[in-house]
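Everything below concerns the one structure shown next.
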Amino acid sequence: MINRNTAILTSILLLLVACEQASRVGGAPFLTTNPVGLPRANDQEYISICYNADTTTRQSVEALATKSCKKNIGAGVKFFSHDLVYNDCPVVTKARVTFLCQSQ
């Protein structure tokens with residue numbers, strides 16, 4: 001009986017994982033809080049974004065970061081860090097990337 005229950009439970013879990021991938025859970029990327037302890041020389045500005053790696057393109061994340069920088073940036077944004085653990089992003093958009101706004 002235990003083997004049959006284990007097989008049923010495993011089948012259900014596999015089905016749920018497959019459905020989650022197809023449902024595009026997570027939505028659009030969005031701004032979040034920056035990591036603690038970022039270097040702050042010369043009034044550097046950082047932008048952190050939560051996103052779902054399965055449903056979001058690199059271009060859309062970079063475009064949001066560029067648009068969100070408050071400084072007049074001509075050079076765009078530069079990748080600074082990426083983390084998946086202990087951040088303020090919800091479970092379905094668990095990846096957080098941080099960019100440094102580049103000034104001219």
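The values are calculated or read from the model by the stated rules, or taken from the named source; none is laboratory data. These numbers were taken from a predicted model, which means no experiment stands behind them. For neighbour counting, all protein chains shown are included, and Cβ atoms are generated from backbone atoms with ideal geometry for every residue, glycine included.
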Starting from residues that are outside any helix (DSSP H, G or I) and farther than 26 Å from residue 75 by Cβ, keep the ones in the stretch 9-35 and report whichever is modelled with the highest pLDDT. 27
Quick check on the stretch 49-104: of everything there that is part of a helix (DSSP H, G or I) and modelled with pLDDT under 90, which residue is surrounded by the fewest Cβ atoms within 10 Å (Cβ to Cβ)? 91
Screening 69, 89, 50, 101 for residues that are touching a residue at least 40 places away in the same chain (Cβ under 8 Å) and touching an Asp or Glu at 6+ places or on another chain (Cβ under 7 Å) leaves only 101
